[in-house]
Amino acid sequence: MKRVNTLYRVSTKGQVDQTKDDIPMQRIACHKYIEEHHDWVLNNEYEEKGISGFKVSAEKRDAIQHLKDAALNKE
């Protein structure tokens, strides 16, 4: 089995809205994609809300660092 980690992100504070939060749609799409791969299992899910992937370096993004650590630990 391949363990899969997912990251859901909205880049601006304006996109973090309880009525229009894009993260549930991202989660549904990722879960569906994982289900299509029978040898994949969801290991962890991470979220970044209101963090720009363009303006904020990877070193300063906690979720990216958690994903990096998981990869280095073969999770």
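Quick check: is even one residue across the stretch 39-52 outside any strand (DSSP E or B), out of contact with any Leu (no Cβ under 7 Å at 6 or more places or on another chain), open to solvent by 50 Å² or more (accessible area, probe 1.4 Å) and modelled with pLDDT of 85 or more? Yes, there is a match, as at least one residue in the stretch 39-52 is outside any strand (DSSP E or B), out of contact with any Leu (no Cβ under 7 Å at 6 or more places or on another chain), open to solvent by 50 Å² or more (accessible area, probe 1.4 Å) and modelled with pLDDT of 85 or more. A count restricted to the stretch 53-70 and to residues that are at pLDDT below 90 and open to solvent by 70 Å² or more (accessible area, probe 1.4 Å) stands at 5.
The values are calculated or read from the model by the stated rules, or taken from the named source; none is laboratory data. From a predicted model like this one, the values you see are computed outputs, not experimental measurements. In this analysis, Cβ positions are derived from the backbone assuming ideal geometry, glycine residues included, and neighbour counts consider all displayed protein chains. Just the protein is used for accessible areas: all its heavy atoms, side chains included, with ligands, DNA and RNA removed. Shrake-Rupley method; radii C 1.70, N 1.55, O 1.52, S 1.80 Å.
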